[in-house]
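Data block below; observations after.
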Amino acid sequence: MRKQRSQELRQTLAREAARLMYEEGVEQYINAKYLAAKRLFGRVGKKKLRYRPQDLPANGEIQAALRELVQITEGEFSQQRLFAMRVIALETMLALKPFKPKLIGSVSTGHVRHGSDIDLHVFTDRIEELEIYLNRLGWHFKMKQVTIHVAGQYKDYLHIHCEQIFPIELSVYPLNEMRVTQRSSTNGKPIIRVKASALTTLIAEQHQREWKIYLATGEITALDKFRVE
């Protein structure tokens with residue numbers, strides 16, 4: 001009985017955490033799950049309700065709930081968003097070719113939603129050259145130092161946020177880390193980095209009609225819908 005209660009509680013918290021990420025813009029799974037617990041438990045009268053650590057959903061459970069919510073809310077619209085984001089990602093990667101860009105995250109896996117960004121890894125030993133290059137492209141961007149866990153230790157990396165039609169995040173790594181495999185904080189599996197050539201193949205296979213239109217006209221289907229978001 002207790003096990004069933006815990007499972008039901010995890011599902012409830014996962015759905016609320018997913019809603020917080022989708023509707024209120026909470027970005028990190030860990031923040032979403034604790035905020036969900038805080039909101040769902042709260043207090044009854046003067047008594048604070050408690051939960052056990054095992055009652056909290058795993059990141060993967062929240063991700064699954066988020067995918068379900070996106071499908072219910074956006075339906076076919078999510079596929080239009082996915083195509084648009086993939087083409088913008090491809091165009092961005094081609095523009096950043098000297099820095100060997102690789103695509104990761106929801107745009108590569110296909111699990112995008114309102115608020116998703118385009119996550120790219122770029123590689124250089126001279127960050128100032130990348131900064132000069134972005135300025136020459138005329139891109140508006142902000143730079144931020146981020147500490148992440150890689151290969152058993154914490155390291156500082158530069159993240160660059162660019163505001164295009166969709167937000168783009170560039171994670172900057174030294175050249176000698178191109179073949180270092182990182183693991184996802186969501187499921188612990190190795191992060192797959194997708195090259196521009198592989199992304200092109202993916203788009204052509206999964207978005208055949210829209211891709212043909214893009215190749216013929218240079219236009220991204222339904223892009224105007226996302227300009228006003």
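The values are calculated or read from the model by the stated rules, or taken from the named source; none is laboratory data. All values reported here derive from a predicted model rather than from experimental measurement. All Cβ positions, even for glycine, are placed from backbone atoms using ideal geometry, and neighbour counts span all protein chains on display.
Among the candidates Thr109, Thr147, Thr124, the residue that is among the polar types (S, T, N, Q) and touching a Leu at 6+ places or on another chain (Cβ under 8 Å) is uniquely Thr124. The residue pairs whose first member lies in region 120-137 and is in contact (Cβ under 8 Å) with a residue 12 or more places away in the chain, whose second member is in a loop (DSSP other than H, G, I, E, B) and among the hydroxyl-bearing types (Ser, Thr, Tyr), and whose beta carbons are closer than 6 Å, counting only pairs six or more residues apart or on different chains, are Leu130/Thr124. For region 102-127, the candidate set comprises residues that are of a type outside the set (Val, Ile, Thr) and over 16 Å from the mean Cα position of the chain (by Cα); within that set, the residue that is nearest to Glu219 (Cα to Cα) is Phe123.
Of all residues in region 22-48, those that are crowded, with 16+ Cβ neighbours inside 10 Å and at pLDDT below 80 total 3. The residues of region 5-33 that are more than 14 Å from the chain's Cα centre (by Cα) and β-branched (Val, Ile, Thr), listed by number, are Thr12, Ile30. Among the residues of region 7-35, the ones that are in a loop (DSSP other than H, G, I, E, B) and free of Cβ contacts under 8 Å to residues at least 60 places away in the same chain come to 4 in all.
Which one is surrounded by the fewest Cβ atoms within 10 Å (Cβ to Cβ) among residues in region 92-104 that are over 17 Å from Thr201 (Cα atoms) and not aromatic (Phe, Trp, Tyr)?
Here is the first cut: in region 92-104, the ones over 17 Å from Thr201 (Cα atoms) are 95-100.
Filter once more, so that each one left must be not aromatic (Phe, Trp, Tyr): 95-98, 100.
On the way: Ala95: 14, Leu96: 20, Lys97: 9, Pro98: 12, Lys100: 17.
Per the stated criteria, the residue is Lys97.
Here is the figure for region 54-76: residues that are assigned to a helix (DSSP H, G or I), over 12 Å from Leu13 (Cβ atoms), free of Cβ contacts under 8 Å to residues at least 60 places away in the same chain and not polar (S, T, N, Q) total 9.
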